[in-house]
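The values are calculated or read from the model by the stated rules, or taken from the named source; none is laboratory data. Bear in mind the structure is a predicted one, so any value in this text is a computation, not a measurement. Here the Cβ positions follow ideal geometry from the backbone for every residue, glycine too, while neighbour counts run over all protein chains shown. In case anyone asks, the SASA skips ligands and DNA or RNA and just uses the protein heavy atoms, side chains included. Shrake-Rupley method; radii C 1.70, N 1.55, O 1.52, S 1.80 Å.
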Amino acid sequence: MFNFKILKEYRKNAQSLGIHRAASELLASLGISQITTIGKIPKQGPLLIISNHVSVLDSLVLMSRINRDD
């Protein structure tokens, strides 16, 4: 069953800390503490990100690794 308390905390953190940090903290609260990033992600300019896994966690993992304001 989904824990709405965790979602509420994530939304609060996203507003105050930003999506990047909030996603990292949410993953840590779920027990996912180590994620490896391969390659460089540009800080500006066009960016296309494609995930080939069918998982709810893919979005969170991507948001936790991509530190951009857009």
Only residues that are polar (S, T, N, Q) and under 15 Å from M63 (Cα atoms): list them for region 35-49, please.
T36, T37
Given the conditions (1) at pLDDT 85 or above; (2) on the phi < 0 side of the Ramachandran plot, which single one is not true for G18?
(2)
Which residue pairs have Cβ atoms under 9 Å apart, sit 6 or more places apart or on different chains, and have a first residue in region 53-70 that is among the hydrophobic types (A, V, I, L, M, F, W, C) and a second that is assigned to a loop (DSSP other than H, G, I, E, B) and open to solvent by 80 Å² or more (accessible area, probe 1.4 Å)?
L57/L30; L60/L30
Mind listing whichever residues of region 3-28 are free of Cβ contacts under 8 Å to residues at least 24 places away in the same chain and of a type in the set (S, T, N, Q)?
N3, N13, Q15, S16
Within region 1-16, which residues are in a helix (DSSP H, G or I), open to solvent by less than 100 Å² (accessible area, probe 1.4 Å) and either over 17 Å from D70 (Cβ atoms) or in contact with a strand residue (DSSP E or B) (Cβ under 9 Å, 6 or more places away or on another chain) (or both)?
I6, L7, E9, Y10, N13, S16
Filtering region 27-48 down to residues that are of a type in the set (G, A, S) and within 13 Å of the chain's Cα centre (by Cα), which residue is least open to solvent (accessible area, probe 1.4 Å)?
A28
Go over the candidates S51, S59, S24 one by one and state the one that is surrounded by 10 or more Cβ atoms within 10 Å (Cβ to Cβ) and assigned to a loop (DSSP other than H, G, I, E, B).
S51
